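What follows is a single structure, written as structure tokens, with notes after it.
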Amino acid sequence: MSDLIPIPVSIKIGGFDYAVSELSHKEAETHGIDARVDFYDLTIKVRGDMHMQHFAERMLHETLHGIWDAAHLGETEDEETVVTRLSKGLFQVLRDNPQLVTLVTQAGTS
Ligand SMILES: [Zn+2]
């Protein structure tokens, strides 16, 4: 993972502070995953040995799972499909529209 791009220490979702850390290679291989969110211990873990663009998209993906939980949408068969499609779409829109990111993050701050 790049040392040049700051990784958030935590992400606020639905009023909760999720601690962000790297998923170990062993945990990833054992469970066959590259990222996970835990609603009980409020953690988001992402493999640190993937390309930074994949890392960022996976962060969005796990954040959307957190939003899904915070919105009480319930466990459904559609959750993974919806979150996967939205995270990839959101990743593309945010990367290709930095002025939109600025608008959202700076709105009402000055
Ligand atoms: Zn998922």
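Cross-link partners of LYS12 among lysines, defined as those whose alpha carbon lies under 24 angstrom from its own and excluding same-chain residues fewer than eight positions apart: LYS45, LYS88. Amide H contacts of VAL20: SER10, ILE11, ILE44, each under 5 Å away and 5 or more positions distant or on a separate chain (H built 1.01 Å from N in the peptide plane; Pro and chain starts excluded). Over the C-alpha atoms of the chain, the Rg to Rh ratio, Rh being the Kirkwood estimate, stands at 0.97. The protection proxy used here, the mean number of other Cβ atoms lying within 10 Å of each residue, ranks peptides 38-44, 70-76 as follows, highest first: 38-44, 70-76.
Site pair THR84 and GLN99 shows an inter-label distance of 3.4 nm when each label is modelled 7 Å from Cα along Cα→Cβ. Annotation for the range 89-104 versus the range 1-47: alpha-carbon center distance of 22 Å. Considering helices alone, the calculated mean residue ellipticity of the chain at 222 nm is -15500 deg cm²/dmol, with DSSP H runs of length four and up weighted by -39500 (n - 2.57) and normalised per residue. Model label sites at ALA71 and THR30, defined 7 Å from Cα along the beta-carbon direction, differ in position by 3.3 nm. Could you check which residue among LYS26, LYS12, LYS45 shows the biggest mean-square fluctuation in a GNM of the chain with a 10 Å Cα cutoff? Among LYS26, LYS12, LYS45, the largest mean-square fluctuation in the Gaussian network model of the chain belongs to LYS26. Placing unit charges on the Cβ atoms only, positive for Lys and Arg and negative for Asp and Glu, gives the chain a dipole magnitude near 420 debye about its Cα centre.
Fewest-first ordering of VAL83, VAL46, VAL20 by other beta carbons within 10 Å of each residue's beta carbon gives VAL20, VAL83, VAL46.
Since every read-out is calculated from the coordinates, none of them should be taken as a lab result. These figures come from a predicted structure and were not determined experimentally. Note that each Cβ is placed from the backbone with ideal geometry, even for glycine, and that neighbours are counted across all protein chains shown.
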